[in-house]
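Take a look at the structure below.
The values are calculated or read from the model by the stated rules, or taken from the named source; none is laboratory data. What you see is a predicted model, and the numbers here were worked out from it, not measured in a lab. Glycine gets a Cβ as well: all are built from the backbone with ideal geometry, and neighbour counts include every protein chain shown.
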Amino acid sequence: MEDEAAKEDFDALDDIGDIDATGEGGEEMEEEGATPVASGGTKSLDLILDIPLTVAVELGRNKMLINDLLQLGQGSVIELTKLVGEPLEVLVNQKLVARGEVVVVNEKFGVRLTDIVSPMERVQSLA
């Protein structure tokens, strides 16, 4: 069974290698080495749709000494840098992409996105 799955994966890679310079389905290349552009003008995202990403929601931060960390026990309270009511930060691969607020859905915590970080803000945060 594992050999069959590996063979299917290998065959899929062969299919990707068979794409010629014009791309699949009559797509044209804008520039040499660029991604294929469909006739409608939208870029094809099919190749990256299955890439796993790490999504984290940051409630706040705190710096502690190792001695203080070792003293923590059940019922200990850690003070965080954020204030009550401040938006949480949604990070994808450790990069800020959105802000939101805590919600409870079927007895589980969730995040309601209230602000999506613009591409310009993301570039500015790198500097």
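Say we look at segment 110-124 and pick out the residues that are at pLDDT below 90 and surrounded by 10 or more Cβ atoms within 10 Å (Cβ to Cβ); which of these is farthest from residue 98 (Cα to Cα)?
If we take residues in segment 110-124 being at pLDDT below 90 and surrounded by 10 or more Cβ atoms within 10 Å (Cβ to Cβ), then 124 is farthest from residue 98 (Cα to Cα).
Residue by residue through segment 44-58, note down the ones that are modelled with pLDDT under 90 and either over 27 Å from residue 99 (Cβ atoms) or assigned to a loop (DSSP other than H, G, I, E, B) (or both).
Selection gives 44, 45, 46, 47, 49, 50.
Kindly evaluate residue 14 against the criterion of being modelled with pLDDT under 90, outside any loop (DSSP other than H, G, I, E, B) and outside the structural domain of residue 126 (by TED's automatic domain parsing).
So residue 14 passes the test.
Could you please find all residues in segment 102-124 being acidic (Asp, Glu) and either touching a strand residue (DSSP E or B) at 6+ places or on another chain (Cβ under 7 Å) or within 17 Å of residue 60 (Cα to Cα) (or both)?
115
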